Amino acid sequence: MTESPPSDAVVYAGRWVALVRGKIVSQGETREEAFQSARYTRRKEKVEIRFMPVMPFNSPLLDLVRAVVPVDAPVYLVGGAVRDAVLGRATHDLDFAAPRGMKLARKVADGLSGAYFPLDEAFDTARVILENPDGTRDCLDFAGYRGDSLEADLRGRDFTINAIAMDIHSGEILDPLGGVKDIREKRIRACSPTSLSDDPIRILRAVRMAAGFDFSIELQTRASMKSAVALLPKISPERVRDELFKILAGARPDAAMRALEMLGVLPGLLPELTELKGVEQSAPHVYDVWTHTLAVLRHLEGILGALAPRYDENKANADLMNGLLVLRLGRYRAQISQHLGTLLNPDRSARALLFFAALYHDVSKPQTRTIEEGGRIRFLGHDELGARTAGERGAALRLSNDELERLRTIIKLHMRVHFHASRKEAGVEISRRALYRFFRDSGESGVDLILLALADTRATYDHAMTQDHWAAALDVSRALLEAWYEKAEEIIRPPQLINGGDLIKEFKQKPGPEIGKLLEAVRETQAAGNLSTRAEALAFVQGWLAKAREK
């Protein structure tokens, strides 16, 4: 087991220290610096050199692994888990490096009664999945050294902040490239001059980490990223998709996308987006289409943060509009969180797909732009064309059919909430019939439409937003969410009063499309509150058919 750190270790977090009889006598940025400093003052005494982590790595999951691994077996915690420990962030999944990765993974799986999955025999990589009593799962990845030693493995990784290893038995840190220092100085630095050209997907990863950790990318690394951009088309669509969706689901997606645009990544990655830049829009839009799109991402992140189950009340209230948002829609935060956490694919959430839809919601404005007499700019049909364009890009990225269907629905219908908000500003309340039709056409995607519309509204007006505009959008959004989450059996999915058999028996109707039209008319009228019994439904159908015969 790892020896407990000295009581004053927190003062030296992230540095090497020299100890004499358990007391810290010197410190430094490197092992050698700490040792030499101690030897200068304690020449005749025995000196112990230790690394003081930024915060102790206390992990019950790691303790389980230690318990089934022989104490003399060289096993190292590597990558993101060590980086996050230095950053003081919680870590759920752990990565390990050892001389024989798959053999170790099998031993751990057997010892912990976990499921063993070989991932890549060529790279000696396997995964262990542990099922927890509450239904959650922990993931442990094991890999053999890529190279002839652990240090060679670390030097061959992507960025120095991910090239740090910790001996799981002693707690000793191996940091050959100065990754801890880069973390402390908030810097993304490539492990080698060829790190980016060796695997160009690292361009996207660097941008994601810079945005997520609020780090800067070192100048030479940035130059290497630009040089490697031309190699990105050689990367499989699946790897590009996975890294792109991590960017969109992570922190500051707007900043990340702006960085990708400045690096010249978009033409080869998402070429449709390059046409958005400089496309002017009429008032009330305050930005061109590209800047507006980035603003939608920014506001969407803020809105979802304000409506998260755990949110920073002071941060939400610091933004007046988000403060009003919390007051009006905060009661639905648990349901919204559950919706966004839904997995349309085992590796991607509905939240990530929503951000992708936000990125593409105005993608076809350049193709549909017209200027009317008087100078007003219109984009008629950009929603339907945009749905097709986004669907094509999603298919190229190998999204699942469920994801593609939701993506097309969100973009095709993204103007619906704006329509009802405009009517609300004019004094027209959204009707029960309109609520029914909204969710009839959108289904579960309706929640995404509401969230996107709110972000779209903020981005349209931005600093020019008035409380009246925002109040109208919030009122409509609340009415829609209330119908979906609280009045579904009354408005969205009312109980069936009659069926096709009734129409055939009572009115001698023949099976066919007309049956479906009649039943839908009954459901819509019922949802509007104008029908509540079987007798009323039959009378409604009788009147419908009578009018049809008169035509």
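The values are calculated or read from the model by the stated rules, or taken from the named source; none is laboratory data. None of these values were measured; they are calculated from a predicted model. Don't worry about glycine lacking a Cβ; one is built from the backbone with ideal geometry, like all the others, and counts go over all protein chains shown.
Within the option set Glu275, Glu238, being farther than 23 Å from Asp475 by Cα, assigned to a helix (DSSP H, G or I) and either free of Cβ contacts under 8 Å to residues at least 40 places away in the same chain or not assigned by TED's automatic domain parsing to the domain that holds Ala464 (or both) holds for one residue only, Glu238.
Count of region 41-54 residues, restricted to those that are of a type in the set (Val, Ile, Thr) and surrounded by fewer than 16 Cβ atoms within 10 Å (Cβ to Cβ), is 1. Selection of region 394-413 for residues being out of contact with any Gly (no Cβ under 8 Å at 6 or more places or on another chain) and either under 23 Å from Phe379 (Cβ atoms) or of a type in the set (Gly, Ala, Ser) (or both) yields Gly394, Ala395, Ala396, Ser400, Arg406, Ile410, Leu413.
When you scan region 45-66, do you find a residue that is part of a loop (DSSP other than H, G, I, E, B), among the basic types (Lys, Arg) and in the same structural domain as Leu174 (by TED's automatic domain parsing), even just one? Reasoning before the result, please.
First, pick out the residues of region 45-66 that are part of a loop (DSSP other than H, G, I, E, B): 45-47, 53-59.
Now restrict to residues that are among the basic types (Lys, Arg): 46.
In the following step, the residues that additionally are in the same structural domain as Leu174 (by TED's automatic domain parsing) were identified as none.
Checked against the condition, which is being part of a loop (DSSP other than H, G, I, E, B), among the basic types (Lys, Arg) and in the same structural domain as Leu174 (by TED's automatic domain parsing), region 45-66 yields no hits at all.
Every test in (1) of a type outside the set (Asp, Glu); (2) under 20 Å from the mean Cα position of the chain (by Cα); (3) assigned to a helix (DSSP H, G or I); (4) over 16 Å from Leu354 (Cβ atoms) is passed by Ala434 save one, and that test is (2).
For region 437-481, a residue qualifies if it is more than 16 Å from His285 (Cα to Cα) and not in a helix (DSSP H, G or I), and the qualifying residues are Gly443, Glu444. Taken residue by residue, region 347-366 has at least one member that is in a strand (DSSP E or B) and buried (at least 19 other Cβ atoms within 10 Å of the Cβ). Checked against (1) touching a Ser or Thr at 6+ places or on another chain (Cβ under 9 Å); (2) assigned to a helix (DSSP H, G or I), Leu519 passes all but a single condition, namely (1). Please work out which residue is nearest to the chain's Cα centre (by Cα), limiting yourself to region 241-272 and to residues that are in a helix (DSSP H, G or I), of a type in the set (D, E, K, R) and farther than 20 Å from Thr460 by Cβ. Top of the filtered list is Lys246. Scanning region 367-408 for residues that are assigned to a loop (DSSP other than H, G, I, E, B) and under 22 Å from Pro284 (Cβ atoms) yields Arg369, Glu372, Glu373, Gly374, Gly375, Arg376, Phe379, Leu380, Gly381. Residues that are farther than 14 Å from Val82 by Cβ, crowded, with 18+ Cβ neighbours inside 10 Å and of a type in the set (Lys, Arg): does region 175-186 have at least one? Scanning region 175-186 turns up no residue that is farther than 14 Å from Val82 by Cβ, crowded, with 18+ Cβ neighbours inside 10 Å and of a type in the set (Lys, Arg). Considering (1) touching a Phe, Trp or Tyr at 6+ places or on another chain (Cβ under 6 Å); (2) modelled with pLDDT under 90, the lone condition that Ala548 does not fulfil carries the number (1).
Within region 283-333, which helices (runs of 4 or more DSSP H) (wholly inside it) include 3 or more residues that are within 16 Å of Tyr461 (Cα to Cα)?
Working: elements: 289-306, 313-318, 320-329.
So the answer is 289-306, 320-329.
Listed here are the residues, each with its yes/no results for (1) among the β-branched types (Val, Ile, Thr); (2) farther than 21 Å from Val65 by Cα; (3) assigned by TED's automatic domain parsing to the domain that holds Asp72.
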residue	(1), (2), (3)
Thr91	yes, no, yes
Pro99	no, no, yes
Met102	no, no, yes
Asp110	no, no, yes
Phe117	no, no, yes
Asn132	no, no, yes
Asp138	no, no, yes
Asp158	no, yes, yes
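Only a single item in (1) touching a residue at least 40 places away in the same chain (Cβ under 8 Å); (2) in contact with a Phe, Trp or Tyr (Cβ under 7 Å, 6 or more places away or on another chain); (3) closer than 21 Å to Lys246 by Cα is not met by Met321, and it is number (3). On the basis of being outside the structural domain of Leu531 (by TED's automatic domain parsing) and in contact with a Ser or Thr (Cβ under 6 Å, 6 or more places away or on another chain), does Leu474 make the cut? The answer is no for Leu474. In region 324-339, the count of residues that are closer than 19 Å to Ala358 by Cα, crowded, with 19+ Cβ neighbours inside 10 Å and among the aromatic types (Phe, Trp, Tyr) is zero.
For residues that are in contact with a helix residue (DSSP H, G or I) (Cβ under 8 Å, 6 or more places away or on another chain) and basic (Lys, Arg), scanning just region 232-271, find the one that is farthest from Asn345 (Cα to Cα).
Pass one, region 232-271, residues in contact with a helix residue (DSSP H, G or I) (Cβ under 8 Å, 6 or more places away or on another chain): 232-233, 237, 240, 243-261, 263-270.
Within this subset, residues satisfying the condition of being basic (Lys, Arg) are 246, 252, 258.
Working: Lys246: 14, Arg252: 23, Arg258: 27 Å.
Filtering region 232-271 for residues that are in contact with a helix residue (DSSP H, G or I) (Cβ under 8 Å, 6 or more places away or on another chain) and basic (Lys, Arg), the one farthest from Asn345 (Cα to Cα) comes out as Arg258.
Among the residues of region 195-212, which ones are farther than 13 Å from Phe159 by Cβ and either touching a residue at least 40 places away in the same chain (Cβ under 8 Å) or touching a Ser or Thr at 6+ places or on another chain (Cβ under 9 Å) (or both)? If the condition is that a residue be farther than 13 Å from Phe159 by Cβ and either touching a residue at least 40 places away in the same chain (Cβ under 8 Å) or touching a Ser or Thr at 6+ places or on another chain (Cβ under 9 Å) (or both), then Ser197, Ala211 are the ones that fit.
Scanning region 88-114 for residues that are touching a residue at least 40 places away in the same chain (Cβ under 8 Å) and out of contact with any strand residue (DSSP E or B) (no Cβ under 9 Å at 6 or more places or on another chain) returns a single hit, Gly111.
Based on this model, can you work out whether Arg258 counts as surrounded by 15 or more Cβ atoms within 10 Å (Cβ to Cβ), in contact (Cβ under 8 Å) with a residue 24 or more places away in the chain, charged (D, E, K, R) and closer than 30 Å to Asp198 by Cα? Outline the logic, then answer.
Numbers: surrounded by 15 or more Cβ atoms within 10 Å (Cβ to Cβ): yes; in contact (Cβ under 8 Å) with a residue 24 or more places away in the chain: yes; charged (D, E, K, R): yes; closer than 30 Å to Asp198 by Cα: yes.
Considered against the rule, which asks whether it is surrounded by 15 or more Cβ atoms within 10 Å (Cβ to Cβ), in contact (Cβ under 8 Å) with a residue 24 or more places away in the chain, charged (D, E, K, R) and closer than 30 Å to Asp198 by Cα, Arg258 comes out as yes.
Selection of first residues in region 29-40 that are loosely packed, with under 15 Cβ neighbours inside 10 Å and of second residues that are among the charged types (D, E, K, R), restricted to Cβ pairs under 8 Å at least 6 apart or on distinct chains, gives the following pairs, ordered by first then second residue: Glu29/Arg15; Glu29/Lys181. Does any residue of region 7-21 turn out to be over 28 Å from Val69 (Cα atoms), at pLDDT 65 or above, surrounded by fewer than 17 Cβ atoms within 10 Å (Cβ to Cβ) and not assigned by TED's automatic domain parsing to the domain that holds Leu177? Checking region 7-21: at least one residue is over 28 Å from Val69 (Cα atoms), at pLDDT 65 or above, surrounded by fewer than 17 Cβ atoms within 10 Å (Cβ to Cβ) and not assigned by TED's automatic domain parsing to the domain that holds Leu177.
Do we have any residue at all in region 198-218 that's in a strand (DSSP E or B) and in contact with a strand residue (DSSP E or B) (Cβ under 8 Å, 6 or more places away or on another chain)? Walk me through it before giving the result.
Filtering region 198-218 down to residues in a strand (DSSP E or B) leaves 216-217.
Those left that are additionally in contact with a strand residue (DSSP E or B) (Cβ under 8 Å, 6 or more places away or on another chain): 216-217.
Among the residues of region 198-218, at least one is in a strand (DSSP E or B) and in contact with a strand residue (DSSP E or B) (Cβ under 8 Å, 6 or more places away or on another chain), which makes the answer yes.
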